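Since the structure comes first, as structure tokens, the remarks are kept for the end.
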Amino acid sequence: MHGVAEGSAKGCEGCANCGPTLITAGMNLSDCDYVVALAGNPNTGKSTVFNALTGLRQHVGNWPGKTVQRAEGAMAVGKGNARKKYKIVDLPGTYSLLSQSTDEEIARDFLLFGSPDVTVIVVDATCLERNLNLVLQVLEITSRAVVALNLMDEAERNGLKVDPRALARDLGVPVIPMAARRGRGVRELVAAIGEIAAKPNGARPRPSTPLPAKLESAIEDLSRQILETYPNLPNARWIALRLIEGDPSVTREVEAGTLGQIGHDLSVESTRPKAGVEAAL
Ligand SMILES: Nc1nc2c(ncn2[C@@H]2O[C@H](COP(=O)(O)OP(=O)(O)OP(=O)(O)O)[C@@H](O)[C@H]2O)c(=O)[nH]1
Ligand SMILES: [Mg+2]
């Protein structure tokens, strides 16, 4: 494929016409500059995208719930001093950040507390409405996001017309049409990941509906208290909202004092200096 080489910088080295050079770096996770999470509903093609980016062979199959643990791999993009290396994290499928099952909690905890530099939300273009629920939830917690609009080949086969541009405009984040099984859109996804990773503030998701002032001030108070107990915990606001709602699993974790631990376990060093990337490849 144009712009994609495996294992080392062989094959197409990238040119003005073919966009960024992707070098699948497999399990070589040393000295990554950025961390990219792959999230999405079950069976949307997350592991297929992961395999395309890393050259690894995560299990794919046509039923939901195959990926049950976090899997990690690497890709490198660009040439010479401009080369950046990315750790790619394949997550179990989840319908919602409020989900309860163990594999869904693995995905939720990484998205909330793992501080990925870019979150790629892989969605199924044939059932957008259901998939957008998770997209909107993720955009509530991060602006560093890209939507991979996968299974476009299936949508086309079914006569569905999906407009990625309109979706990107409405969501305020890049939307990349893909048919990942055939490698379609992989290069564009790599470019979008690079763009968001390099932007200090990420994309600009459209703001959600404002909450009533009283609720907003309660959330602020509670967030402050959470941060006093768990300094540096990302997404204290999300935790505060769940406590106000009475979410049982979040309440349990706050009471048990395990929230800070989750943040500590998952936080990943990112945006590290690039030294050693060349050697690592
Ligand atoms: N037609 C088509 N099939 C695809 C595409 N991408 C992935 N698939 C297929 O969709 C199925 C699910 O792919 P996976 O990559 O395992 O999906 P996943 O999101 O990792 O699934 P879970 O880990 O179970 O959540 C597999 O049969 C893939 O071959 C695509 O773009 N088009
Ligand atoms: Mg999977």
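Laboratory data are not the source of any read-out in this text; all were calculated from the coordinates shown. Source: prediction; values computed, not measured. No Cβ is skipped: glycine too gets one built from the backbone with ideal geometry, and neighbour counts run over all protein chains shown.
Observations on the structure shown:
- Helix-derived mean residue ellipticity, 222 nm - over the chain, DSSP H n ≥ 4, -39500 (n - 2.57), to 500: -11500 deg cm²/dmol
- Length gained on full extension, HIS59 to SER143: 27.3 nm, using 0.36 nm per residue less the C-alpha separation.
- By the rule of a C-alpha distance below 18 Å, with chain neighbours fewer than 8 residues away ignored, the aspartates and glutamates paired with LYS214 are GLU245.
- A Förster radius of 51 Å, combined with the Cβ-Cβ distance separating ARG181 from GLU220, puts the computed FRET efficiency at roughly 0.65.
- In order through the range 150-167: 3J(HN,Hα) via Karplus (6.51 cos²θ - 1.76 cosθ + 1.60), integer Hz, x for Gly, Pro: 8, 6, 4, 5, 5, 4, 5, 4, 8, x, 8, 9, 10, 9, x, 5, 5, 5
- Shape class of the range 22-207 from the Cα gyration tensor (axes a ≥ b ≥ c, square roots of the eigenvalues): rounded, since a/c falls below 1.5.
- Inter-probe distance in nm under a simple model that places probes 7 Å from Cα toward Cβ, at ALA256 and CYS127: 3.1 nm
- Residues TYR230, TYR95, TYR34 in ascending order of nearby Cβ atoms (within 10 Å, fewest first): TYR95, TYR230, TYR34.
- Cα-based shape type of the range 213-263, given that a ≥ b ≥ c are square roots of the gyration tensor eigenvalues and the cut on a/c is 1.5: oblate
- Over 28 Å between alpha carbons, listed pairs LYS46/LYS85; LYS46/LYS79; LYS84/LYS161; LYS85/LYS161; LYS46/LYS161: LYS84/LYS161; LYS85/LYS161
- Shape of the range 200-242, Cα gyration tensor, a/c cut at 1.5: oblate
- With both residues required to sit in the range 34-165, DSSP beta bridges show an antiparallel share near 30%.
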